[in-house]
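Let me begin by presenting the structure, written as structure tokens, before commenting on it.
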Amino acid sequence: EGGEPVLNEHSITSIIHNVTNIQISAPKISIDFTGDRKLWTVLADENQLQTLFYNILMNSIEALTDHQEGKIFILVENCDLSVDNRWTLKKGKYVKVTVKDNGIGITPQNLDKIFAPYFSTKKITSQKRVGLGLSICQSIAKKHGGHIYAESVYGEGTVISVLIPAYKDES
């Protein structure tokens, strides 16, 4: 996703709501949104974060298209990381967004590859993208000083989590 982020203070919740309000042609899929009451803001490029969450959401939707009733759960919460966190991120405050679906999931051998450019578990057609979605997400998260990771149980669904540093107002 092009260039360095143009950073401004944003509510991650409003960015996600903008993305989920985009017309999603998936009538059998419900999206359940939950967020901490007093979420911290983030210093972020709004367009880049919209791209990040749109790509995650589209992957979940594609994983659910064969389901009778697909469900996507989005949880947004404040997260205080210590120095020795498992992602080797800087100690501090982050906003964590977790997107969980009840789709087919990702096999263990593919889970390590999902952030690689051009990797896709889907058959490539003229309607399907070429596997750049999650590699773009990883690039955007890194450019914002954050992190993205995936957990999945094949046959049960996938969880994608994004950590973006919280904005610290020094005034």
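Taken together, the values in this text are just the output of simple stated rules run on the coordinates, not laboratory data. What you see is a predicted model; the values in this text were computed from it and never measured. With ideal geometry, Cβ positions are generated from the backbone for all residues, glycine too; neighbour counts draw on all protein chains shown.
Structural remarks
- With contacts taken as Cα pairs under 8 Å and at least 6 residues apart, the chain reaches a relative contact order of 25 percent.
- Here is how the number arises for the chain: DSSP H runs of 4 or more residues each give -39500 (n - 2.57), the sum is divided by the residue count, and the result at 222 nm is -8000 deg cm²/dmol.
- For the chain, a Gaussian network of Cα nodes joined below 10 Å ranks TYR118, TYR149, TYR54 by mean-square fluctuation, and the top entry is TYR118.
- A Förster radius of 30 Å, combined with the Cβ-Cβ distance separating ASP36 from GLU4, puts the computed FRET efficiency at roughly 0.55.
- When the C-alpha to C-alpha distance is required to be over 21 Å, the pairs from LYS71/LYS142; LYS90/LYS113; LYS71/LYS93; LYS91/LYS142; LYS93/LYS113; LYS71/LYS143 that qualify are LYS71/LYS142; LYS90/LYS113; LYS71/LYS93; LYS93/LYS113; LYS71/LYS143.
- Gaussian network model of the chain, springs between alpha carbon atoms under 10 Å - residue of LEU89, LEU43, LEU52 with greatest fluctuation: LEU89
- Note on the chain: dipole from Cβ charges, positive end direction compared against LEU111, TYR149, CYS79; the farthest Cα belongs to LEU111.
- Cα gyration tensor shape for segment 52-93, rounded if a/c is under 1.5, else prolate or oblate: prolate
- Here segment 33-82 is assigned +1 on the Cβ of each Lys and Arg and -1 on the Cβ of each Asp and Glu. Its dipole about the Cα centre then comes out at about 160 debye.
- Proximal aspartates and glutamates relative to LYS28, as straight alpha-carbon distance under 16 Å, when same-chain residues fewer than 8 apart are discounted: GLU62, ASP66, GLU69, ASP101
- Net charge over other residues, Cβ less than 14 angstrom from the Cβ of LYS96 (K, R count +1; D, E count -1): -1
- Antiparallel DSSP beta bridges within the chain, as percent of all bridges there, nearest 5: 80
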